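Enquirer: Quick one: this structure, given as structure tokens, is what I'll be asking you about.
The values are calculated or read from the model by the stated rules, or taken from the named source; none is laboratory data. Not measured: the values here are computed from a predicted model. Cβ placement follows ideal geometry from the backbone for every residue including glycine, while neighbour counts extend to all protein chains displayed. Each accessible area value is taken on the protein alone, full model and side chains, heavy atoms only, with ligands, DNA and RNA left out. Shrake-Rupley method; radii C 1.70, N 1.55, O 1.52, S 1.80 Å.
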Amino acid sequence: LKNSNKKTIAGFVTAIKGSKVTIQSDTEAFDIDIDKDVTTVYKINGSATTEVESSTLKKGDYLLVNGPEIGKSVTANAIYVDEHFIAKSGKIIEVNSDNYYIKVSTLEKDTYTLDIERTTTDQMLNIKTLKVEPVGFSKLKEGDNIHFTAKKGTDKDESRYSAIKTIIIPQEYFNK
């Protein structure tokens, strides 16, 4: 990639018009040109990758795009449709036991709403043994520190994520 004007970018689809897709990265927007003879589109599902039609792309998809760049336009050689995961740390600022979600304020002062689901792996540091142990939702409380991995949910709220894994460090640990 270094020896040519090829670029790999990642972002969310914001618009689709024919064979042009616009994606928004963390810092800027790019126009992606899809050529039916050149571009291959793949769907990433865990460790498996399957080829799909470009017509399956939709607004909100998270894409990794590789191809030559001219200005803010990339002619796609390969497009990978993936899920957008985040890994953050912060402090629990709200626990909603009726709807099974928590709100977290990160070190960067961002606020995320994390849906705690049946598939979420929740663990907590045992302050007596200093071992990480499985924990239920009822043990989460405001003021606890949290490290989490999450993926964007289907909710339109930009700060709402589905928690994949959480590790809680109780506030009592810091009061020792």
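Enquirer: If R0 is 45 Å, what FRET efficiency do you get for residue 38 and residue 85 from their C-beta distance, rounded to 0.05?
Expert: For R0 = 45 Å, the calculated efficiency reads 0.95.
Enquirer: Dipole of the chain, Cα-centred, from +1 at each Lys and Arg C-beta and -1 at each Asp and Glu C-beta, to the nearest 20 debye?
Expert: Details: 25 positive and 26 negative charges, 69 e Å.
Charge dipole of the chain: 340 debye, to the nearest 20.
Enquirer: Would you work out if the chain is rounded, prolate or oblate? Take a ≥ b ≥ c from the square roots of the eigenvalues of the alpha-carbon gyration tensor; rounded if a/c is under 1.5, else prolate when a/b is larger than b/c, oblate otherwise.
Expert: prolate
Enquirer: Just add up the charged neighbours of residue 44: K/R +1, D/E -1, any other residue whose Cβ is under 14 Å from the Cβ of residue 44. Please list the in-between numbers first.
Expert: On the way: positive: 43, 151; negative: 51, 61, 82, 83.
Combined, the nearby Lys, Arg, Asp and Glu give -2.
Enquirer: Leaving ligands, DNA and RNA out of it, report the carbon-plus-sulfur percent of the accessible area of the range 57-176 at a 1.4 Å probe.
Expert: Carbon with sulfur: 50 percent of the solvent-accessible area.
Enquirer: Mind ranking 17, 58 by accessible surface for me, highest first, 1.4 Å probe?
Expert: 17, 58
Enquirer: Before I look further, what does the chain give for accessible area per residue, probe 1.4 Å, in whole square angstrom?
Expert: Averaged over the residues of the chain, the accessible area is 62 Å².
Enquirer: Among DSSP beta bridges whose residues both lie in the chain, state the antiparallel percentage, nearest 5.
Expert: 80
Enquirer: Cut-off under 16 Å on the C-alpha distance; same-chain residues fewer than 8 positions from residue 7 excluded. Which aspartates and glutamates are left, in chain and number order?
Expert: By straight Cα distance, residue 7 reaches 26, 28, 31, 33, 69.
Enquirer: Output wanted: per-residue J couplings in Hz (rounded whole) for the range 117-126, from phi through Karplus 6.51 cos²θ - 1.76 cosθ + 1.60, θ = phi - 60°, x for Gly and Pro.
Expert: Each residue of the range 117-126 in turn: 10, 4, 7, 5, 8, 9, 9, 9, 6, 7 Hz.
Enquirer: Right, another one. Excluding the sites themselves, what is the longest stretch of the chain that contains no GluC sites (Glu not before Pro) in a DSSP loop with at most 11 other C-beta atoms within 10 Å?
Expert: With a cap of 11 other Cβ atoms within 10 Å, the longest stretch comes to 54-107.
Enquirer: What is the spread of the Cα atoms of the range 1-70 along each of their three principal axes, largest first, in whole Å?
Expert: 29, 25, 25
Enquirer: Report the chymotrypsin sites (Phe, Trp or Tyr not before Pro) located in the range 80-167 that are in a DSSP loop and have at most 12 other Cβ atoms inside 10 Å of their Cβ, or state none. Don't skip to the answer; put the middle values down first.
Expert: Details: sites: 80, 85, 100, 101, 112, 137, 148, 161; in loops: 100.
Filter output for the range 80-167: empty list.
Enquirer: May I ask you to list the lysines whose Cα is less than 29 Å away from that of residue 91, ignoring any residue fewer than eight positions away on the same chain?
Expert: Within reach: 103, 109, 128, 131, 139, 141, 151, 152, 156, 165, 176.
Enquirer: Could you go through the range 145-152 in sequence order and give the Karplus-derived ³J(HN,Hα) for each residue, using 6.51 cos²θ - 1.76 cosθ + 1.60 with θ = phi - 60°, rounded to whole Hz, and x for Gly and Pro?
Expert: So the Karplus estimates, Gly and Pro as x, are 7, 9, 10, 9, 10, 8, 10, 4 Hz.
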